[in-house]
There are 2 protein chains.
Amino acid sequence: MKIAVLGGDGYCGWATALYLSNKGHSVAIVDNYVRRLWDHELGVQTLTPIRPLSERLTVWHQLTGKAIDLFVGDITDYDFLSSFIRSFEPEAVVHFAEQRSAPYSMIDHKHAVSTQVNNVVGTLNLLFAIRELQPDCHLVKLGTMGEYGTPNIDIEEGYITIEHNGRKDTLPFPKQPGSFYHLSKVHDSHNIMFACKIWGLRATDLNQGVVYGTVTDDVMMDEALINRFDYDEVFGTVLNRFCAQAAIGVPLLVYGKGGQTRGFLDIRDTVRCIEIACNNPAGGGEFRVFNQFTEQFSVLQLAEIVKSVGEQMGLQVEIDHIPDPRVEAESHYYNAKHSSLVKLGLEPHLLSHSLVDSLINIAVRYQDRIDPAMFEPQVNWRHARNQRRAGSSRKQQLLTKEAVSGAD
Amino acid sequence: MKIAVLGGDGYCGWATALYLSNKGHSVAIVDNYVRRLWDHELGVQTLTPIRPLSERLTVWHQLTGKAIDLFVGDITDYDFLSSFIRSFEPEAVVHFAEQRSAPYSMIDHKHAVSTQVNNVVGTLNLLFAIRELQPDCHLVKLGTMGEYGTPNIDIEEGYITIEHNGRKDTLPFPKQPGSFYHLSKVHDSHNIMFACKIWGLRATDLNQGVVYGTVTDDVMMDEALINRFDYDEVFGTVLNRFCAQAAIGVPLLVYGKGGQTRGFLDIRDTVRCIEIACNNPAGGGEFRVFNQFTEQFSVLQLAEIVKSVGEQMGLQVEIDHIPDPRVEAESHYYNAKHSSLVKLGLEPHLLSHSLVDSLINIAVRYQDRIDPAMFEPQVNWRHARNQRRAGSSRKQQLLTKEAVSGAD
C-alpha cells in the first residue's frame, strides 16, 4: 500500500515510517523539521542523539534495500501539500504532523495560537487535498485520549448512545480537553467528522494514550536509526521522563497527588495500531474512532514502578510531589474503552519491569546529555505568560563563568 | 456599564450597540469593516442603504447626545486588541466579530480556512487579553444553535446530564455542526470553556438561532441609522430572503423538502438578550450557555407564512423547491430548550403577520437594489470548490452591452 507519513521525522512518525516500510508498504515521509526547531527554541535535546533525516533514510536503504521517499515542506502550505498528494497518490495518509505538546501550547498567547492554527489548518488542508485529488485515500489521524478529559462516566470510543427524555441517539462523545493543544485535536476531530459526512471521505481518528519507550525492532537495526527520547518537561512523556530522572539520581517529580490516571501504550504498539488501521480502512463517509492505548495507570503508579525497577538495578530512586502546574483533577474516576484495535488484531506489549529496566538503561547510557534543569516544570496552566528560561541552568552557569572571565 | 461591542458595524452588532447606548451604557464599537469588504467580494449589497459607520455614529450622537466610542482594527491582531482592552477597560465584551455565514465558509478551501482562523484566533486573542488585562470582564460570546446540529434527542442549553453504565455526569452537549463556519463556533465554545476553567474567567455563550427583521426602536430614529438587510444566498438569513423574494415577485426558493427546522428570533430580541446577559454576568470561572431563540419553524413553514402575508398584500407569491445545496437532514426531530433567557426577563417578540408585512414592505421600498441572481444558491456543500459568479446577472448584462458598444 502507498502510505504517506506526515511528521515522519518525529517520535512516533519515525518509528511508524520504518515499521510500515519494513512490512513492504511504499512509504513517503513528509516533514518540515519544525520539531527539531522547537528543541532549539526550548534549549533542550532528545536524550538519544538522533541523526539528520537524510542520513537516517540512507542508512535504512542500505540496511534493508527499501527506499522511503522524502518530501520536505509544511502541510499548512496548501500548494506544497496538494502537489505532494498529486505526486505520491497515497492510499493512506498517517497524520502525525501536529504540534503535540500540551505544555508547549500553554507557554503563552503566541504558542497557544500557533499550536491551534498549525494543527487546525494542516488538517483542513489535508481534508481538502484528499477531497480534491485522492478522494478514496484513507486518512489515519492521530488524536489523543486527552480529548475526552476525565468524565465521571466510562469513556467510549468516539461515540456514546444517549437516552434522554424518552428518545435515543448515538452522538459524538462529549469532549473536555485540558490544554490548548488538546483543544486543537478536538477541533480537528469535529472538522474531520464533518468532511466525512459531506464529501464521503474515509477517516480513522486514533485517540492515542501517552506513549512510552523508544525502541522498536526497526530502529534497533543501527545506531543511525535511533529514535527520539524526550525527557524534558515540555515534550517528554511521563514514563520516559521518570526513567531519565531515575538514571541520574534526581527525584521522580510527580505533579500533585499523582492520582491523574491516563491510558498508556508502548511505542511498539503505536506502530502496530497504525498498520492495523491502514490495513482495515474506514468505509466511505465513515468517521471511525479508536481509543489507542493498552493499559491505564495513574502517574503515581508509574513512579512507583520506576522506583521499584530502579532500586532492583541498584539505583537510589526517590519520589517527590510538587504542586501540579496543570489544572486537572488529581484524583478521579477513569475507565476508558479500548477494544476496537484488539478486535482487529492488536496484541499489546503490556508494561513490564524489563521494559522499564531497558528504558532506564538507555537513559544511563546517554546520561551526559541530560540537563536536570529540564525536568522542572516551567509552564503553569494558571498563567497566561510563562517565562521559560532561555537555556538550562547548566548552560546558564557556563554563561555566568564566561561573563566573569570576560570581566577579568 | 462599560460594554465593548466587537463587530459593531454588522447586522446584529449595530442594533446591539445602539440599544445598549440608549439604555445608558458606555459603549465602544470595535470593527475592521471586513463585513463591507465581503459584500464587495461577493458582488452583493445590503437591501437597505447603510451609511458609513462614522456617519452613523455622528447622527446617533446628534439625536441622542450619546457618544459611542469607535476603535477601528482587527481583533486577530493581538497588539491592537490588547491596546483597546487596556484603553477602554470594558466590564463586558459582546463578541460579534466573526465571519458568520455558513455558505461563505463553504465556498472553497481558502474561505474555510480563513473563516476558522479568523474566528478561532480572534476569540483566543480575546480570552488572553481579558485574562491579562481585565480578568473580571464578562465575555458575552455569540455562538449559534447550529453548533448542536439536529440530534434525535432534545437539545439542552449547553450541557446534558448523562447516565451511563450506572454512573452519571453533566457534560458539554455533543456537537454536530453543519458547516466550516458552524464548526468554528464549536471550536470557540471549547476554547472559552477551557479558559473559564483554568483562569477563572466569566463567559456567556449565546447559542443564537436564525435572526430575522432589521428594525429596532433605535435604528428607526433616523434614515442614517438604518440597519443591514441581507437578502443574498450567502449572508441573507432565510426569512429576510423570502420577504425580498416575495417583494419582487420571484418564487420563494425552499432548499429540498423544507423540513429543516431551526430556532428563530426577531432582531429586537437579539439586542434584549445581549442586555440581559450583560446585566446578569456569569460567575467567576463559569462558562454559561444560553440558547438564544424564541420559536422553532421549519423552512417550509416560514415560506408558507410569507406566501400568506404576501398574498394578503396583493402580491403573487409562489414557492419553489430546489435541490438542497447543503448536506443536512430535510426532515428530522427538533426540540431545543430555550428557557434561561426567559427566566431572566426576556419577553419574546413572536413572529407575527404584521412583522412579515413590514419586512416585505421594506423590501418593496428598496426593490431597485435587489439583484434576483443573488437568490440562487451558488455554494454547494458537496463541492470542495464553488465558482461564484463575479458579479450579478444584471451586471453581467450591463458588461455585455458595454462590450458590444466598445466593439462599435
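The values are calculated or read from the model by the stated rules, or taken from the named source; none is laboratory data. Quantities reported herein were computed from a predicted structural model and do not represent experimental measurements. Heads up, the Cβs are rebuilt from the backbone with ideal geometry, glycines too, and the neighbour counts pull from every protein chain shown. Heads up: the accessible areas ignore ligands, DNA and RNA and are worked out on the full protein's heavy atoms, side chains in. Shrake-Rupley method; radii C 1.70, N 1.55, O 1.52, S 1.80 Å.
One table, with the values for the structure above:
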| item | result |
| --- | --- |
| Residue within the range B:307-322 that is more than 29 Å from B:Val379 (Cβ to Cβ) and free of Cβ contacts under 8 Å to residues at least 40 places away in the same chain present | yes |
| Residue in the range B:367-381 that is surrounded by fewer than 17 Cβ atoms within 10 Å (Cβ to Cβ), over 22 Å from the mean Cα position of the chain (by Cα) and of a type in the set (Asp, Glu) present | yes |
| Residue identified as within 24 Å of B:Val234 (Cβ to Cβ) and hydrophobic (A, V, I, L, M, F, W, C) among B:Val59, B:Val44, B:Val72 | B:Val44 |
| 1 or more residues within 30 Å of B:Asn386 (Cβ to Cβ) and in contact with a strand residue (DSSP E or B) (Cβ under 7 Å, 6 or more places away or on another chain): qualifying helices (runs of 4 or more DSSP H) within the range A:44-131 | A:78-88 |
| Only listed residue being surrounded by fewer than 24 Cβ atoms within 10 Å (Cβ to Cβ), out of contact with any Ser or Thr (no Cβ under 7 Å at 6 or more places or on another chain), among the polar types (S, T, N, Q) and touching a residue at least 40 places away in the same chain (Cβ under 8 Å), chosen from B:Thr237, B:Thr216 | B:Thr216 |
| One residue from A:Gly314, A:Gly283, A:Gly263 being under 30 Å from A:Tyr159 (Cα atoms) and open to solvent by 10 Å² or more (accessible area, probe 1.4 Å) | A:Gly283 |
| Output for the range A:132-143, where each listed residue is over 16 Å from B:Val113 (Cβ atoms) and either away from chain B (no Cβ under 11 Å) or part of a helix (DSSP H, G or I) (or both) | A:Leu133, A:Gln134, A:Asp136, A:Cys137, A:His138, A:Leu139, A:Val140, A:Lys141, A:Leu142, A:Gly143 |
| Residue list for the range A:350-360, filter: part of a helix (DSSP H, G or I), in contact (Cβ under 8 Å) with a residue 40 or more places away in the chain and open to solvent by 30 Å² or more (accessible area, probe 1.4 Å) | A:His353, A:Asp357, A:Ser358 |
| Leading residue by the ranking (surrounded by the fewest Cβ atoms within 10 Å (Cβ to Cβ)) among those in the range A:29-46 that are β-branched (Val, Ile, Thr) and farther than 21 Å from A:Glu89 by Cβ | A:Val34 |
| Lone unmet requirement of (1) open to solvent by 10 Å² or more (accessible area, probe 1.4 Å); (2) in a loop (DSSP other than H, G, I, E, B); (3) at the interface with chain B (Cβ under 10 Å from one of its Cβ atoms) for A:Pro151 | (1) |
| Count of the range A:157-178 residues which are closer than 21 Å to A:Thr261 by Cβ and facing chain B (nearest Cβ under 8 Å) | 7 |
| Members of the range A:219-234 found to be of a type outside the set (A, V, I, L, M, F, W, C) and open to solvent by 20 Å² or more (accessible area, probe 1.4 Å), listed by number | A:Asp222, A:Glu223 |
| Residues (in a strand (DSSP E or B) and in contact with a helix residue (DSSP H, G or I) (Cβ under 6 Å, 6 or more places away or on another chain)) located in the range A:187-207 | A:Ala203, A:Thr204, A:Asp205, A:Asn207 |
| Residue that is farthest from the chain's Cα centre (by Cα) [pool: residues in the range A:78-105 that are touching a residue at least 24 places away in the same chain (Cβ under 8 Å) and farther than 23 Å from A:Cys278 by Cβ] | A:Tyr78 |
| Top-ranked residue in the range B:179-194 [being within 14 Å of B:Ala112 (Cα to Cα) and facing chain A (nearest Cβ under 7 Å); ranked as surrounded by the most Cβ atoms within 10 Å (Cβ to Cβ)] | B:Leu183 |
| Wholly enclosed strands (runs of 3 or more DSSP E) of the range A:208-303 bearing at least 2 residues out of contact with any Asp or Glu (no Cβ under 8 Å at 6 or more places or on another chain) and within 24 Å of A:Val317 (Cβ to Cβ) | A:261-266, A:295-298 |
| Count of the range B:209-234 residues which are more than 14 Å from the chain's Cα centre (by Cα) and among the hydrophobic types (A, V, I, L, M, F, W, C) | 7 |
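This table checks each residue for (1) among the polar types (S, T, N, Q); (2) farther than 30 Å from A:Lys110 by Cβ.
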| position | (1), (2) |
| --- | --- |
| B:Val5 | no, no |
| B:Gly13 | no, no |
| B:Leu18 | no, yes |
| B:Leu37 | no, no |
| B:Gly43 | no, yes |
| B:Thr46 | yes, yes |
| B:Arg56 | no, yes |
| B:Gly65 | no, yes |
| B:Tyr78 | no, no |
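Residues checked against (1) within 17 Å of the chain's Cα centre (by Cα); (2) open to solvent by less than 20 Å² (accessible area, probe 1.4 Å); (3) hydrophobic (A, V, I, L, M, F, W, C); (4) closer than 27 Å to A:Glu89 by Cα:
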position: A:Lys2; (1), (2), (3), (4): no, no, no, yes
position: A:Lys23; (1), (2), (3), (4): no, no, no, yes
position: A:Val27; (1), (2), (3), (4): no, yes, yes, yes
position: A:Thr48; (1), (2), (3), (4): yes, yes, no, no
position: A:Ser54; (1), (2), (3), (4): no, no, no, yes
